Amino acid sequence: MIRGLRWIALLVLAAGCARESTPPESAVTVPDFSGVYAPAPFVARPELSLPDQVPFTDAARQVFDAFDPLVGNPRLEDDCVRETMPAVLWLGAPMEITQSDDRVVLRFERGGVVRSIPFDQSLPVEGIEPNELGVSVARWESDVLTIETTGLLGGEVITNQGFGLSPQARLTERYWREPGEMDLQLEVSIDDPTNYTELFTIGREWVWAPDEQVQDWECIDLGSREADIDIDELARQLEQL
């Protein structure tokens with residue numbers, strides 16, 4: 001009987017030691033993308049990676065073929081028109097990322113656009129009030145920052161390019177760094193059955209620019225391109241900046 005109790009005690013002790021010697025699961029570490037990024041030096045507009053064939057629907061193809069950037073362009077009537085998603089992603093001005101445990105903030109110089117996006121939440125399926133930037137949520141997929149957006153007003157995928165976007169569109173952004181690099185790669189998947197027969201992607205590179213700063217955006221509306229400019233009024237507005 002005593003010998004049996006000894007064996008039980010030894011087994012219990014061995015099991016306890018095994019549990020103590022098992023290392024705890026290591027916490028998942030994610031990269032820190034915080035900092036300022038810009039287009040490549042001396043490039044007015046970043047080079048975009050587009051599919052060889054954009055999968056337009058028949059109706060969207062007709063709109064694209066007939067597109068005229070000088071017709072119905074709000075920027076010809078209002079110099080301070082608000083930037084929209086995803087068009088703001090392709091502009092040639094700097095962007096700053098600020099990252100914390102619960103959200104990521106993307107601040108664009110152009111238009112003073114700020115996107116404050118929470119981590120690990122679900123996109124609402126109803127009750128969304130459409131707006132220029134939509135409603136976004138973020139998550140980490142390994143070392144890739146993934147952002148999903150819906151609730152858009154629609155309009156254009158790329159400013160002045162004729163790529164239509166409906167309010168039913170869903171966007172998925174993916175940001176990552178190649179090994180050993182600080183530049184940020186971006187790929188945006190566009191899911192919009194109204195305009196495209198299948199999901200397609202557009203990509204670009206954001207260049208790490210620690211010496212750059214995202215400046216405050218001050219805009220003066222000069223009115224319609226066809227209107228005469230009031231020089232005195234323009235001078236007064238410039239003095240207020």
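Numerical summary
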{"quantity": "Rounded FRET efficiency, nearest 0.05, which uses the C-beta distance separating L50 from R75 and R0 of 22 Å", "calculated": "0.50"}
{"quantity": "In segment 51-143, chymotrypsin sites (Phe, Trp or Tyr not before Pro) in a DSSP loop with at most 12 other beta-carbon atoms within 10 Å", "calculated": "none"}
{"quantity": "At 1.002 mPa s and 20 °C, Stokes D of segment 136-203 from Kirkwood alpha-carbon radius, µm² per second", "calculated": "165 µm²/s"}
{"quantity": "Over segment 41-178: Rg over Rh, Cα atoms, Kirkwood Rh", "calculated": "0.96"}
{"quantity": "Whole-percent carbon and sulfur share, accessible surface of segment 50-132, 1.4 Å", "calculated": "48 percent"}
{"quantity": "Total formal charge among the other residues, if their Cβ is under 15 angstrom from that of D101, Lys/Arg +1 and Asp/Glu -1", "calculated": "-1"}
{"quantity": "Low-density loop positions, GluC sites (Glu not before Pro), segment 104-191 - DSSP coil, at most 14 other Cβ in 10 Å", "calculated": "E126, E181"}
{"quantity": "Paramagnetic reach from D211 (point 7 Å along Cα→Cβ, amide N under 19 Å) across segment 96-127", "calculated": "96"}
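The values are calculated or read from the model by the stated rules, or taken from the named source; none is laboratory data. Quick caveat, the model's predicted, so the values are computed rather than measured. FYI the Cβ positions are ideal-geometry reconstructions off the backbone, even for glycines, and counts take in every protein chain you see. Areas reflect the complete protein model, heavy atoms only, side chains present, ligands, DNA and RNA absent. Shrake-Rupley method; radii C 1.70, N 1.55, O 1.52, S 1.80 Å.
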